[in-house]
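The values are calculated or read from the model by the stated rules, or taken from the named source; none is laboratory data. Just so it is clear, the structure is predicted and the values come from calculations on it, not from any experiment. Heads up, the Cβs are rebuilt from the backbone with ideal geometry, glycines too, and the neighbour counts pull from every protein chain shown.
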Amino acid sequence: MTDSSSELRRARRAFVVWGIVAPLVMTAVAVGIQLIALPSLPDPVAMHWDGAGTPDGFAPARVVPVLTATLGAVLTVLLGVFAFLGSRHGEWGPTLRFLGAMTPATVGGIGTLVTWSLLMQRGLESGTDAPNILPAVLGAAGAGLVIGLIAWFSQPALTVSGGTPPRGTATTLAPLGPNERIMWVRSVTMSAPGMIVLVALVLVLFVAAAVGFVGSGQVSIILLVVGVILGGLIAATTMFRVRIDDEGLRVTSYLGIPRFRIPLAAVSEARAVFVSPMADFGGWGVRIAIDGRRGVVLRRGEALEVTQHGGRVFVVMVDDAQTASDVLNGLRVRAGEVAQ
């Protein structure tokens, strides 16, 4: 681990180049090529192929550059810009490096696929005569893989922690007596800005579904179903109850699922750590990090990290994480003494 400011600046510059600038440049290039090719394309052009490689979906040719530009910009913002802004407090890690590679790989691969699918229709009388899409899919996948690898190795392998809670990781509670009982309980919710964004997204889907009833009822039903599912996922993964007692650690959603349980006998070590959602886990919610850690990551700050005997690590964001680790370690030590 290093906290070198020069290395951090280098990592951030590399991320901007590969995670933000490169996808936008590739999108602009793809759109430019598509615009040049427009006069020689049939109208409408094939936009979708079935499993046998036969075109079965069509759209006006002029729509394709607009869709390409929109998709490239949106993906860059969602995967690149948001990740970069999430690291503004100075943390950095392999997850951000991965996002800095995945963003250009995704945007470049999609841009290659759409552009290739258009160019192979030049000179055709109708989009129904478009050839099999498989070569374009394979070429786009290869392009995305190459771009992603280049972006990955062009970024430094750097990990910078945002800090740790001020107290140490050793148990500070008095040793627990054999008949003494102790329980630690806390609730944790997603940060207010995150909740506002998620709720707003659900509301947008519901409003779109309501407006859609004027036009296509089928589209409205799809939007309504997506909104209900998304609302359920938000309700299930934004509020959790954390409990530590003689049975170990339990982290349970307010809805009852999902739930996570680590038996006391499986705990090897518990400690308080500092977690940045973007740098450590690539986002918020129930996450799995690149290094294999699982976590309930609802905000930036202190968290309880539990390592099991098999090496698996579980992280949950919670206030007063140091006390939580002290309690869990105290129970673990007492259980070991009783077993002896």
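Could you check, for segment 57-65, whether at least one of its residues is touching an Asp or Glu at 6+ places or on another chain (Cβ under 7 Å), small (Gly, Ala, Ser) and assigned to a loop (DSSP other than H, G, I, E, B)? So that I can check it myself, show each step before the final result.
Let us first name the residues in segment 57-65 that are touching an Asp or Glu at 6+ places or on another chain (Cβ under 7 Å), namely 60-61.
From the residues that got through so far, the ones that are small (Gly, Ala, Ser) too are 61.
Checking the rest, the ones that are also assigned to a loop (DSSP other than H, G, I, E, B) come to 61.
Within segment 57-65 (the criterion being touching an Asp or Glu at 6+ places or on another chain (Cβ under 7 Å), small (Gly, Ala, Ser) and assigned to a loop (DSSP other than H, G, I, E, B)), the answer is yes, since at least one residue qualifies.
Go through THR70, THR27 for me and flag whichever is surrounded by 15 or more Cβ atoms within 10 Å (Cβ to Cβ) and of a type in the set (Val, Ile, Thr).
THR27
Criterion first (within 16 Å of ALA130 (Cα to Cα), in contact (Cβ under 8 Å) with a residue 24 or more places away in the chain and surrounded by 12 or more Cβ atoms within 10 Å (Cβ to Cβ)) does VAL45 satisfy it?
Answer is yes for this residue.
Per-residue answers, yes or no, for (1) assigned by TED's automatic domain parsing to the domain that holds GLY93; (2) part of a helix (DSSP H, G or I); (3) surrounded by 13 or more Cβ atoms within 10 Å (Cβ to Cβ); (4) modelled with pLDDT under 70:
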site	(1), (2), (3), (4)
LEU149	yes, yes, no, no
PRO178	no, no, no, yes
ILE196	no, yes, no, no
LEU223	no, yes, yes, yes
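Tell me, which strands (runs of 3 or more DSSP E) wholly within segment 243-340 include 1 or more residues that are hydroxyl-bearing (Ser, Thr, Tyr)?
Values: elements: 248-253, 259-263, 267-275, 285-288, 294-297, 301-308, 313-317.
Qualifying strands (runs of 3 or more DSSP E): 248-253, 267-275, 301-308.
Would you mention how many residues in segment 115-129 are in contact with a helix residue (DSSP H, G or I) (Cβ under 8 Å, 6 or more places away or on another chain), closer than 12 Å to ALA61 by Cβ and in a loop (DSSP other than H, G, I, E, B)?
Qualifying residue count, segment 115-129: 2.
Name the residue, out of ILE229, ILE262, ILE257, that is on the phi < 0 side of the Ramachandran plot, surrounded by 17 or more Cβ atoms within 10 Å (Cβ to Cβ), out of contact with any Pro (no Cβ under 9 Å at 6 or more places or on another chain) and not assigned by TED's automatic domain parsing to the domain that holds GLY19.
When all the criteria are applied, what remains is ILE262.
Could you list, in sequence order, all residues of segment 264-285 that are farther than 20 Å from ARG97 by Cα, of a type outside the set (Asp, Glu) and out of contact with any Asp or Glu (no Cβ under 8 Å at 6 or more places or on another chain)?
Selection gives ALA265, ALA266, VAL267, SER268.
Within segment 57-74, count every residue that is free of Cβ contacts under 8 Å to residues at least 12 places away in the same chain and more than 11 Å from MET47 (Cβ to Cβ).
First pass over segment 57-74, keeping only residues free of Cβ contacts under 8 Å to residues at least 12 places away in the same chain: 57, 63, 66, 70, 74.
Still in the running and more than 11 Å from MET47 (Cβ to Cβ): 66, 70, 74.
Residues meeting the conditions: 3.
Spot the failing condition for VAL333; the list is (1) surrounded by fewer than 20 Cβ atoms within 10 Å (Cβ to Cβ); (2) of a type in the set (Val, Ile, Thr); (3) at pLDDT 85 or above, and only one is missed.
Every condition holds for VAL333 apart from (3).
Mind checking which pairs have a first residue in segment 262-285 that is of a type in the set (S, T, N, Q) and a second that is at pLDDT 80 or above and assigned to a strand (DSSP E or B), Cβ under 8 Å, 6 or more apart or different chains?
Close Cβ pairs satisfying both conditions: SER268/THR307; SER268/GLN308.
Okay, residues lined up against (1) touching a Pro at 6+ places or on another chain (Cβ under 8 Å); (2) within 30 Å of GLY100 (Cα to Cα); (3) crowded, with 17+ Cβ neighbours inside 10 Å:
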position: ARG10; (1), (2), (3): yes, yes, no
position: LEU41; (1), (2), (3): no, no, yes
position: ASP50; (1), (2), (3): no, no, no
position: THR54; (1), (2), (3): no, no, no
position: VAL64; (1), (2), (3): no, yes, yes
position: VAL77; (1), (2), (3): no, yes, no
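State whether one or more residues within segment 54-73 are outside the structural domain of ARG294 (by TED's automatic domain parsing) and under 14 Å from the mean Cα position of the chain (by Cα). I'd like the intermediate steps shown before the answer.
First, pick out the residues of segment 54-73 that are outside the structural domain of ARG294 (by TED's automatic domain parsing): 54-73.
Subset that is under 14 Å from the mean Cα position of the chain (by Cα): none.
The answer is no, given that none of the residues of segment 54-73 is outside the structural domain of ARG294 (by TED's automatic domain parsing) and under 14 Å from the mean Cα position of the chain (by Cα).
Any residue at all in segment 28-35 that's touching a Ser or Thr at 6+ places or on another chain (Cβ under 9 Å), among the aliphatic types (A, V, I, L, M), modelled with pLDDT of 90 or more and over 16 Å from GLY144 (Cβ atoms)? Steps first, answer last, please.
The initial filter retains those residues of segment 28-35 that are touching a Ser or Thr at 6+ places or on another chain (Cβ under 9 Å), namely 29-31, 33-34.
Applying the additional criterion that residues be among the aliphatic types (A, V, I, L, M) yields 29-31, 33.
So of that shortlist, the ones also modelled with pLDDT of 90 or more come out as 29-31, 33.
This time we only want the ones that are over 16 Å from GLY144 (Cβ atoms), so: 31, 33.
Yes: one or more hits.
Taking VAL313, is it surrounded by 15 or more Cβ atoms within 10 Å (Cβ to Cβ) and in contact with a Phe, Trp or Tyr (Cβ under 9 Å, 6 or more places away or on another chain)?
no
Given the conditions (1) at pLDDT below 60; (2) more than 25 Å from the chain's Cα centre (by Cα); (3) crowded, with 16+ Cβ neighbours inside 10 Å, report the number of the one that GLY162 does not fulfil.
Condition not satisfied by GLY162: (2).
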